[in-house]
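Comments concern the structure below.
The values are calculated or read from the model by the stated rules, or taken from the named source; none is laboratory data. Only a predicted model underlies this, so the values are computations on that prediction, with no experimental measurement involved. Using ideal geometry, Cβ is built from the backbone for each residue, glycine included, and neighbour counts are taken over all protein chains shown. Each accessible area value is taken on the protein alone, full model and side chains, heavy atoms only, with ligands, DNA and RNA left out. Shrake-Rupley method; radii C 1.70, N 1.55, O 1.52, S 1.80 Å.
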Amino acid sequence: MTPGLSERITKADVVNRFNANIVENVEGCWIWMLSVNHQGYGMFWVDGQYVATHRWSYEHFIKPIPEGLQIDHLCRRRDCVNPSHLEPVTARENRRRSMKDHCAHGHRWTTATTYMDKRGQRNCIPCHRLLTKQWKEKRRACSLVCVNE
């Protein structure tokens, strides 16, 4: 009987495939060069499922992630998989660190890039502009289709 594909793939094959898809930048980040999810985190196919590359890297090169903790990127790059740039923290600490000086998409919080909404919530101007532009393009495309029908 022929072993299945998953039985023939060794741990070394997975590590080699992982290492073949990273590039080190001048800051020492290991940038994941393949697919990323909508939040900017690298994704990697292992054992029949997609896993987050930063989590896989930490668990492979350092140790298992303790129950209930998340991995924080100390370099603030979501596509970085350098285990020395990763630290397990609570969800609360991860939010506190990420909101300190950047929005969720990596824009620095400054007086020029931030506005407060009616609820007193901090908002990112570059993100707002991008969302507005996408909304207008979608609306324009819809109106062109509707007019031409």
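A few comments on the model shown:
- Structural descriptor for the chain: relative contact order 14 percent, calculated from alpha carbon pairs under 8 angstrom and at least 6 residues apart.
- To put it simply, the accessible area of segment 5-60 at a 1.4 Å probe is 54 percent carbon and sulfur.
- If you take all other residues with their beta carbon under 14 Å from the beta carbon of D79, and give Lys and Arg +1 and Asp and Glu -1, the sum is +2.
- Surface exposure of segment 50-89, expressed per residue as accessible area with a 1.4 Å probe, stands at 50 Å².
- The chain: calculated mean residue ellipticity at 222 nm from DSSP helix runs of at least 4, using -39500 (n - 2.57): -11500 deg cm²/dmol
- The alpha carbons of the chain give a radius of gyration and a Dmax of 20.2, 67 Å, in that order.
- Accessible surface of segment 67-145, 1.4 Å probe, proportion on carbon and sulfur as whole %: 55 percent
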